[in-house]
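What follows is one structure encoded as structure tokens, with my remarks underneath.
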Amino acid sequence: MSSTSSRDVSPPPLKRRKRSPPEHTSCADASESPIAILPAQAQAGRHALRIFSWNINGITPFLPPTTPKITTFLKQPPKTQTPPQPSLRNCCRRWSWPHIVCLQEVKIAHTDTKTQAAVSRHINHPVDPQDEDDAQRHLYEPHFCLPTDKHNATGFGGKVHGVCTLVRKDLEKNVHIKRVAWDLEGRVLIAELAAQGLVIMNVYAVNGTTYDYRDSTTGKVIGTRHDRKRQFHTLLADEVRGYEAKGWGVVVIGDINISRTVIDSFPQLRMGKEHVENRADFERKFMHAREEGALGMCDTFRYDRGEERKYSYRPTNKPWGEGGDRVDMGLVTMGLVGRVEGADILDEEMERGTSDHVPLYLGLSEVEAE
């Protein structure tokens, strides 16, 4: 379970390896060209910290049913082999055991401790019971931020939203997990890696709609979900800025629910008035230059892949390839750009699995302590 501590931890002074940005990127103050990466294996540099993110659209398909139906025991064995159950551990193995995996939309009620415990068991359960070597492979500790808002996250018995950060156990002792007081919808979970001067924010940003947004205490309507989305941008940007002021480098990764430009959507970018305003608000607060009062963050996919067209949201109500949006991103503050060792989207139908999103990842080189 995640910690709710708000203690301040100052990172140690660090020496970062200097690199220079590739010509196609607008991110400033970077370093040598990122190394080539095999998307299927998702391997960054040998010593890089590898961070994955995936909106899984519900954890249930990855967990066995708690109680088999009585009819299960009465059925004849199927004539054709049923596909194997999705496995988060199998995903981690396929991705070469990333250090951090940020999951969004896990859809677990905050009172459902059984499901949370099941995630902990099954992320470490061998993919193949006959595989004796699995015991020598990496284990993970899950941390959750689940919705407690009684007025804005009540659908499906509270099984909405929610994020989960899987931390590889050889890294676990060096990671401090915390929530933010302003999020009661299960949208932000922070991992502090003090030894690396690094903060990783697992984010499931608000999707802008005309639905009501209510005061989380009184239940009074105080705006729309579009209004809350822009407020969420402000609060998240302030969180990033606060860490930067203390000397931390910050990674914001997850489902941002924004397509930045025309090359980030197919067949077309959403151009409704509110969506245009939400997009401009995001750019103004996160991506514009510091001189303009923004954070000047770097979109690592664009930094590493130029204008390549890949999408992270792939709707399931259309044949694969007939629509998509790049709404999931990995953003880094400018002090981390020199450490980026590749970023990509695993834009393949197989990687989508039971979700309507595909995973993305980024790699960061290690730092050298002074």
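Every residue, every condition in (1) within 16 Å of the chain's Cα centre (by Cα); (2) under 26 Å from Trp182 (Cα atoms); (3) outside any strand (DSSP E or B), yes or no:
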residue	(1), (2), (3)
Ser96	no, no, yes
Gln116	no, yes, yes
Asp133	no, no, yes
His143	yes, yes, no
Pro147	no, yes, yes
Select from the stretch 301-352 the residues that are in a helix (DSSP H, G or I) and of a type outside the set (Lys, Arg) and list them in ascending order.
-> Phe301, Tyr303, Asp304, Met334, Gly335, Leu336, Val337, Gly338, Glu349, Met350, Glu351
For the stretch 238-277 the number of residues that are aliphatic (A, V, I, L, M) and surrounded by fewer than 20 Cβ atoms within 10 Å (Cβ to Cβ) is 6
Report whether or not Lys310 is buried (at least 17 other Cβ atoms within 10 Å of the Cβ) and closer than 24 Å to Gly208 by Cα.
-> yes
Are any of the residues in the stretch 139-153 in contact with a Cys (Cβ under 6 Å, 6 or more places away or on another chain) and crowded, with 17+ Cβ neighbours inside 10 Å?
-> yes
Could you grab the pairs with beta carbons closer than 6 Å, sequence gap of 6+ or different chains, first residue in the stretch 248-270 and among the acidic types (Asp, Glu), second one modelled with pLDDT of 95 or more and surrounded by 24 or more Cβ atoms within 10 Å (Cβ to Cβ)?
-> Asp255/Asn55; Asp255/Gln104; Asp255/Tyr204; Asp255/Asp328; Asp264/Arg326
Among the numbered criteria (1) among the polar types (S, T, N, Q); (2) under 19 Å from Cys102 (Cα atoms); (3) at pLDDT 95 or above; (4) part of a loop (DSSP other than H, G, I, E, B), which single criterion is violated by Asn174?
-> (3)
Of those in the stretch 156-168 that are of a type outside the set (A, V, I, L, M, F, W, C) and modelled with pLDDT under 95, the residue farthest from Ala205 (Cα to Cα) is Gly157
Scan Ala153, Ala135, Ala118 and give me the residue that is of a type in the set (A, V, I, L, M, F, W, C) and modelled with pLDDT of 95 or more.
-> Ala118
So which of Gly335, Gly296, Gly330 is of a type in the set (Gly, Ala, Ser), crowded, with 16+ Cβ neighbours inside 10 Å, at pLDDT 95 or above and on the phi > 0 side of the Ramachandran plot?
-> Gly296
Are any residues in the stretch 261-309 under 25 Å from Gly249 (Cα atoms) and among the aromatic types (Phe, Trp, Tyr), and if so, which ones?
-> Phe282, Phe286, Phe301, Tyr303
Only one of (1) closer than 16 Å to Asp325 by Cα; (2) in contact with an Asp or Glu (Cβ under 6 Å, 6 or more places away or on another chain); (3) part of a helix (DSSP H, G or I); (4) of a type outside the set (Phe, Trp, Tyr) does not apply to Ser259, and that is (3)
Identify all residues within the stretch 203-220 that are surrounded by fewer than 17 Cβ atoms within 10 Å (Cβ to Cβ) and in contact with a Ser or Thr (Cβ under 8 Å, 6 or more places away or on another chain); write none if there are none.
-> Thr209, Thr210, Tyr211, Asp212
Give me the pairs: first residue in the stretch 190-213 and over 25 Å from Ser259 (Cα atoms), second residue crowded, with 22+ Cβ neighbours inside 10 Å and of a type in the set (S, T, N, Q), beta-carbon distance under 7 Å, and six or more apart or on different chains, which are they?
-> Ala191/Thr165
Any hit, the stretch 48-56, residues being surrounded by fewer than 16 Cβ atoms within 10 Å (Cβ to Cβ), at pLDDT below 95 and under 19 Å from the mean Cα position of the chain (by Cα) | no
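Results for (1) at pLDDT below 95; (2) on the phi < 0 side of the Ramachandran plot, shown as yes or no for each residue.
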position	(1), (2)
Glu185	no, yes
Leu189	no, yes
Gln196	yes, yes
Asp238	no, yes
Arg241	no, yes
Asn257	no, no
Arg260	no, yes
Ile263	no, yes
Val127 over 29 Å from Val337 (Cβ atoms), touching a Ser or Thr at 6+ places or on another chain (Cβ under 9 Å) and of a type in the set (Val, Ile, Thr) = yes
Restricting attention to the stretch 184-230, the residues that are part of a loop (DSSP other than H, G, I, E, B), under 30 Å from Arg339 (Cα atoms) and aliphatic (A, V, I, L, M) number exactly 2
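The values are calculated or read from the model by the stated rules, or taken from the named source; none is laboratory data. These figures come from a predicted structure and were not determined experimentally. Don't worry about glycine lacking a Cβ; one is built from the backbone with ideal geometry, like all the others, and counts go over all protein chains shown.
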